[in-house]
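Quick notes on the structure that follows.
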Amino acid sequence: MKLHVQRLGKGFPFIILHGLYGSGDNWLTIARNISGLCEVFLPDQRNHGKSPHSGEHNYQVLADDLLEMMDEYSLSKAVILGHSMGGKAAMWFAAQHPSRVSQLIIVDISPRSYFDSSDEGSHSAYHLKVLGAMAAVDFNGVTGLGTIDRQLEESLPDKSLRQFLLKNIEKKSDSSFSWRLNINTLIESLPDLGAGLEPFIASGKVINQFPVLFIRGENSGYIKESDIEIIRQLFPEAKVVTIGNAGHWLHAEQPAAVIAAIRKQLTGSV
């Protein structure tokens, strides 16, 4: 699938894969701050942003999309950063195509499954609630984002979450509004998006051909202490850095600290 891609800077290639509900635009602040070191590629993943919609959405097709994008731009290898869903896609890609990765930076996600165990059921319920609220928006007669926000508020009281979701609104040439996200496919694909890299871990796969950094938010539960052992089963030499006073969207909450961690990784190894 041909993805919509933004490019900025010059130097070695650095690809950033956004998370669920996101787009390349969410990482522009980070990209601009590191573009003096490298050429940054900001793809919108399928069913997000300005990229095409598809009835398939799982980590295999996301990894395939990344491979196709790298081939399109003649990138023999690249530093790959992925956040959340993008982090899982990046790990899946690295497990299958390690020779195409020069460094791997994973932001606030681990290789484990997030939806299978009972104590993680809240992840599935949370995303079903968010996507359900988005699917329920009635765009008839909508004249601005305020009307959409009020509809979302009935189910999603978190204002910062709503503001993030509203970045996915598209105003068409006839002044009507719609979601850029392929919401129906994402709802159907939630079990696939909750999956982990257990097939690679169970096979004894070890990835140590390039430097690996995991960045987690101090207030986020996505990378627990118990996950570090799982991470090092697949990436035995991985480093783990914790960003203080940050949750799952740490690149928006603490951008300076995230930029510093990325710069330290790049300048120390590239």
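Structural remarks
- LYS50 paired with ASN245, simple spin-label distance in nm, labels 7 Å along Cα-to-beta-carbon: 3.5
- Averaging the sequence gap over all C-alpha pairs within less than 8 Å and six or more residues apart, then dividing by the number of residues, gives the chain a relative contact order of 19 percent.
- Summing Cβ point charges (Lys, Arg +1; Asp, Glu -1) relative to the Cα centre of the range 118-190 gives a dipole of roughly 300 debye.
- The magnitude of the dipole of the chain, with charges of +1 and -1 set on the Cβ of Lys/Arg and Asp/Glu and taken from the Cα centre, is near 860 debye.
- FRET efficiency estimate (nearest 0.05) - Cβ-Cβ, SER155 to GLU237, R0 41 angstrom: 0.40
- Within the range 164-181: backbone nitrogen closer than 15 Å to the ASN140 label point (7 Å, Cα to C-beta): 177
- Measuring between their Cα centroids, the range 133-161 and the range 1-60 lie 26 Å from each other.
- Between LYS2 and ARG263, the modelled labels are 3.7 nm apart [label points 7 Å from Cα along Cα→Cβ].
- Sorting the segments 234-245, 13-24 by their mean number of nearby beta carbons within 10 angstrom, highest to lowest, gives 13-24, 234-245.
- The length gained by stretching the chain between SER99 and GLU68 to full extension, at 0.36 nm per residue less their Cα-Cα distance, is 9.7 nm.
- Net lengthening on full extension, ASP192/ASN208 (0.36 nm per residue, minus Cα-Cα): 3.2 nm
- The calculated 222 nm mean residue ellipticity attributable to helices in the chain amounts to -11500 deg cm²/dmol, summing -39500 (n - 2.57) over DSSP H runs of n ≥ 4 and dividing by all residues.
- Set LYS239/LYS264; LYS50/LYS159; LYS2/LYS205; LYS88/LYS171; LYS10/LYS77; LYS50/LYS171 screened for pairs whose C-alpha atoms are more than 21 Å apart: LYS50/LYS159; LYS2/LYS205; LYS88/LYS171
- Full-stretch length increase - THR147, GLN163 - with 0.36 nm per residue and alpha-carbon distance subtracted: 4.5 nm
- Rounded to 5, the percent of DSSP beta bridges in the chain classed as antiparallel: 25
- Positive-end extreme of charge dipole, the chain - chosen from ALA195, TYR114, GLN103 (charges on Cβ): GLN103
Every number in this text was worked out from the coordinates using simple rules, so none of it is lab data. These figures come from a predicted structure and were not determined experimentally. Every residue, glycine among them, receives a Cβ derived from its backbone with ideal geometry; neighbour counts consider all protein chains shown.
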